[in-house]
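Notes for the one structure printed next.
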Amino acid sequence: MTDLSSTPAIPVTIHRGDYAPPEWQIPDIALDFALGVEQTKVSAALSVVRHAAAPAPLLLRGDGLTAAEVRVDGAVWNDWRMDGSDLIVDLGDRTAAAVEVDTVIKPASNTQLMGLYASNNMLCTQCEAEGFRRITFHPDRPDVLSRYKVRMTGDKATFPILLSNGNCVEQGEAGNDHWALWEDPWPKPSYLFALVAGDLVVNRDSFTTMSGREVELGIWVRKGDEARTGHAMKALKDSMAWDERVYGREYDLDLFNIVAVSDFNMGAMENKGLNVFNTRYILADPDTATDVDYDGVEGVVAHEYFHNWSGNRVTCRDWFQLSLKEGFTVFRDQNFSADMGSPPVKRIEDVRLLRAAQFPEDAGPLAHPIRPDSYQEISNFYTATIYNKGAEIIRMMATLLGPERFRKGTDLYFDRHDGEAATCEDFVRAMEEGGDIDLGQFRRWYEQAGTPRLSLTLAQDGDDWSLDIRQTVPPTPGQPDKAPMMMPLRLAAFAMDGSGATLPDTLVTLTGAAQRVPLGRFASRPALSVNRGFSAPVIVDFERAPGELAWLAAHDDDPFARYEALQQLMLDTLVAAASGDTGDAQAVIDAVAQTLAGAAADPAFVAEAVLLPSEAFIGDQMVTVDPDAIRRERLALQAAIGAALEREWRAVLAGAAPPATDLSSKAKGGRRLRGVALAYLAATGQDDIPGLAFGIFSGADGMTERQAALATLAHGDSDERAHALDIFYQRYRDNPLVLDKWFQVQAWSLRSDTVDAVKALAQHPDFTLANPNRVRSLYGAFSGNQAAFHQADGAGYRLIADLVIALDPKNPQTAAKMIPPLGRWKRFDEARGAMMRAELERILAQPGLSRDVTEQASKSLAG
Ligand code: BES
Ligand code: ZN
């Protein structure tokens, strides 16, 4: 016998160009589950219909399943065979058949958290992208859509609640067991199937749709958690109303359920009528959740709800089209959150995330277009590029079309493809027709990877000024040569001399590699406000004097552009300092002071604007990243700003914090600004700061203030640090989501012993590799801590590689997500680069490595 689990993964590459429509469709599926945590029996009945003209075998994918018997039209059938883990049924020249297969699965030993698994004694499913094949044999591809009938039977005491997609149409009891029959009237792909069984309590509410239908809403959680579901429920109702108002899309079932589970690989999943969520995106109350957590709940609830149209009613033809549903749905949730709060602050946050997660991906060995050409393991392609760059591509189309024509385009898209498995090309075509625009060249955004760079220079002819724009798209793996992209660029220009001359907000459509834009008449060089609102996801290279940036930071009429100007000023100063040149700290201090003066009117915006760029983003601007110099210079600038504006920072903290129950933008902004003020003061190293921070920590009425104070203390070595960490641990040791924060703040610490601290925390009794949130809170936070992860002796690299090796056999998806930081070796000095490659090689030398980790590590090594 060969032990399949230790056979090295043979990388099989799937190509987009190889797509062929399914030979068999499955209009109806009946599933019968005999539920047990240790063992669950699944009986599947598939009504299959041949779509291929000629006879073709029925290919049913399986993963870890065995088929004892196959029945066709009620009789035992012998014309089948296994092909690896797949089941191939030869149906001769039949054009339709009823195919039945029984399988037995073991939820309790499913540590991958794909398919049917156990979490806290309850059973739940995760099927996207290819988890359904771990439950029963099935084509398990998104272009096979079926109506599902799901029957489940289980012990009443263990599984008092039985849920699946659609509506519960029948239920009954039999001895200690009970059963329920659920029917989903909407045909759906297998990745949207869901089942949940367990001891859950519900927060119930209802929503009346625009056509007057009453929808019952339920958020299901473990006993004791129900009081923390109010914010998620509000977000759900707000999302339902928003999608009606903004896109004209109504919910289409009488029931919408959400279940929160503690063990979940991702954030949440949009299963039809039965969303399954990571608890961290459902549970929130002021004592345990920060403002960032609250916003996360709101955004993720909205995101999964919006998938009901962008993903479920119109789904994806194949997984290469993933951005069709994810990019579009991120765009939708971003706009929803903007409408619920402050649009400029939301835009700042989204652009910051794009630059932190997507730009590095696009500049490294794992770069891929938003519609990839090939993959080995689809789970590796739920990336910042598919999601966040994908959202930017939709946003650019919305900008090019304007709101009315964009709405015409989305109406056409939803109406034309309702009930279908569509492609990115279908979306673009609907935009072209609905918006009456030619997007021919724009399609390159779907084909070419890499972040375009715009080099700008101002040209002068007497008093006539113009802007010269040169566009390049860098080479990426497999794509050495690129053509220029079409993009909307919003710009404006202002006279700095008080004459009032301006070029008002203008939308320019770039198409060429070189383009000249007239700016108008200015007596002297105007201040240029460019890529306003981040209208295109590009890097802009434009030499500007500190005075010009400071002027824009103070006067630009676009808040996003004001933010950008101040960030650029800080960045120029920090990059110069980290590269051994002298930066102009005084210009930064003056500009921060100027911005801070507006804090009372808009604290949320000011808190974002005065924050120094992250260490990683500073590194991204350097030819070779020097993590130690970056940390040193960033802390030095922070200390200089802290000291110069000490009175102002102390004044921010002297006022009372807004009550933690106040979730208005202004209150959230006020708390954020207090956190920023505390961090600036802490950087000065003044003696009273640990006491001040400890006072805030102890007196806080909510988690935002408490966590901000704890994180600040965690950077230092005061007695207050140890004391606060201990208090926090004792108070929250039984609340897993809050305990995650305890691990996280320590892994984020700027102390020089953080690698050792993380190593020790991995041995803490509360640490476990079985829970992805816990893994992310320790190791995910650590690998984002640039100077710690890149510690010169390579201990940080070793720590992450050890984790990948230990986690891969249990949870390959989560293990593979830890690899990308090791793949950025080209960006660091030779010594660090060699150590990073050595760790990737060590991972690849492990026997029995998963396909997930194999793909990420080998691509990262190739560079
Ligand atoms: N469809 C995904 C969830 C998913 C992704 C399941 C990959 C399985 C594999 C869901 O809609 C999603 O995108 N969730 C995000 C959160 C969202 C707000 C971007 C997530 O889970 O991170
Ligand atoms: Zn999604």
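Points to keep in mind about this one:
- Gyration tensor over the Cα atoms of region 522-681: the corresponding equivalent ellipsoid has semi-axes (square roots of 5 times the eigenvalues, largest first) of 26, 20, 15 Å.
- For region 85-199, radius of gyration divided by Kirkwood radius, i.e. Rg to Rh on alpha-carbons: 0.99
- When only Cα pairs below 8 angstrom with a gap of at least 6 residues are kept, the chain shows a relative contact order of 9 percent.
- Cβ-Cβ FRET estimate between residue 19 and residue 208, R0 fixed at 51 Å, reported to 0.05: 0.75
- Sites residue 75 and residue 418 - FRET efficiency at Förster radius 45 Å, r taken between beta-carbons, to 0.05: 0.75
- Computed over region 704-863, Cα set: Rg, Dmax in Å: 16.2, 47
- Cα gyration tensor category, rounded, prolate or oblate, for region 33-84 with a/c compared to 1.5: prolate
- Hydrodynamic radius of region 174-222 per Kirkwood, over alpha carbon pairs, in Å: 14.1 Å
- The charge dipole of region 584-698, taken about its Cα centre with unit charges on the Cβ atoms of Lys, Arg (+1), Asp and Glu (-1) only, comes to about 440 debye.
- Span-rule helices in the chain, defined as complete DSSP H runs reaching 24 Å or more along the axis (Cα) with Kyte mean at least 0.5: 559-578
- Charge dipole (the chain, unit charges on Cβ, about Cα centre) - positive-most of 437, 319, 351: 351
- Convex hull volume of the Cα atoms of region 32-136, normalised per residue: 103 Å³.
- Mean projected area in nm² (Cα convex hull; one quarter of hull surface) for region 738-829: 5.6 nm²
- Start at zero, step by 5 Å, and the Cα-Cα distances of region 303-376 spread as 3, 14, 18, 20, 20, 16, 7, 1, 0 percent across the bins.
- Calculated over region 464-511: convex hull of Cα atoms, volume per residue (Å³): 98 Å³
- Full extension of the chain segment joining residue 666 with residue 411 gains 88.3 nm, where the gain is 0.36 nm per residue of separation less the Cα-Cα distance.
- Student exercise, region 236-375 dipole from Lys, Arg, Asp, Glu Cβ charges, in Debye to nearest 20: 460 debye
- The length gained on full extension between residue 216 and residue 806, counted as 0.36 nm times the residue separation minus their Cα-Cα distance, comes to 208.0 nm.
- Viscosity 0.692 mPa s, 37 °C: Kirkwood-radius Stokes-Einstein D of region 610-652 over Cα pairs, µm²/s: 288 µm²/s
- Neighbour-count ranking [beta-carbon atoms within 10 angstrom, fewest first] of 124, 168: 168, 124
- Peptides 424-430, 386-392, 649-655, 740-746 ordered by packing proxy, namely the average of other Cβ atoms within 10 Å per residue, highest first: 386-392, 740-746, 424-430, 649-655.
- When the GluC sites (Glu not before Pro) in region 497-570 are filtered for DSSP coil states and for at most 15 other beta-carbon atoms within 10 Å of their beta-carbon, the remaining sites are 543.
- Each of residue 106 and residue 845 was given a label point 7 Å from its Cα along the Cα-to-Cβ line. The distance between the two points is 3.2 nm.
- Taking the convex hull of the alpha carbon positions in region 174-281 and averaging its projected area over all directions gives 8.4 nm².
- Set of aspartates and glutamates with alpha-carbon distance to residue 810 below 19 Å, sequence-local pairs under 8 removed: 3, 38, 63, 128, 130, 263, 377, 766, 802, 852, 855
- The overall shape of region 494-580, judged from the alpha-carbon gyration tensor, is oblate: a/c is not under 1.5, and a/b is no greater than b/c.
- Per residue, the chain reaches -11500 deg cm²/dmol at 222 nm when only DSSP H runs of four or more residues are counted, each adding -39500 (n - 2.57).
- Extension gain, residue 292 back to residue 597 (0.36 nm per residue minus Cα-Cα distance, nm): 107.4 nm
- Long pairs among 272/741; 741/859; 149/389; 741/817, criterion Cα-Cα beyond 26 Å: 272/741; 741/859; 149/389
- If you model the chain as an ellipsoid using its alpha carbon gyration tensor, with each semi-axis the square root of five times an eigenvalue, the axes come out at 46, 32, 27 Å, biggest first.
- Virtual spin-label span in nm between residue 245 and residue 647, 7 Å along Cα→Cβ: 4.4 nm
- Think of region 719-863 as having a plus end and a minus end, set by charges on the Cβ of Lys, Arg, Asp and Glu; of 737, 764, 840, 840 sits farthest toward the positive end of this dipole.
- Amide H partners (placed H, <5 Å) of residue 520, local residues excluded: 465
- With both residues required to sit in region 203-268, DSSP beta bridges show an antiparallel share near 55%.
- Computed on the Cα atoms alone, the convex hull of region 785-845 gives a volume of 73 cubic angstrom per residue.
- Placing +1 on the Cβ of every Lys and Arg and -1 on the Cβ of every Asp and Glu, with nothing else charged, gives the chain a dipole about its Cα centre of roughly 380 debye.
- Spin-label model, residue 441 to residue 234: label points 7 Å out along the Cα-to-beta-carbon direction sit 4.7 nm apart.
- Modelled label reach - residue 49, point 7 Å along Cα→Cβ, region 83-106 residues with backbone N closer than 16 Å: 94-99
Since every read-out is calculated from the coordinates, none of them should be taken as a lab result. Here the structure is a predicted model, which is why all the values come from computation and not from measurement. Cβ sites come from the backbone with ideal geometry, for glycine too, and all protein chains shown count toward neighbours.
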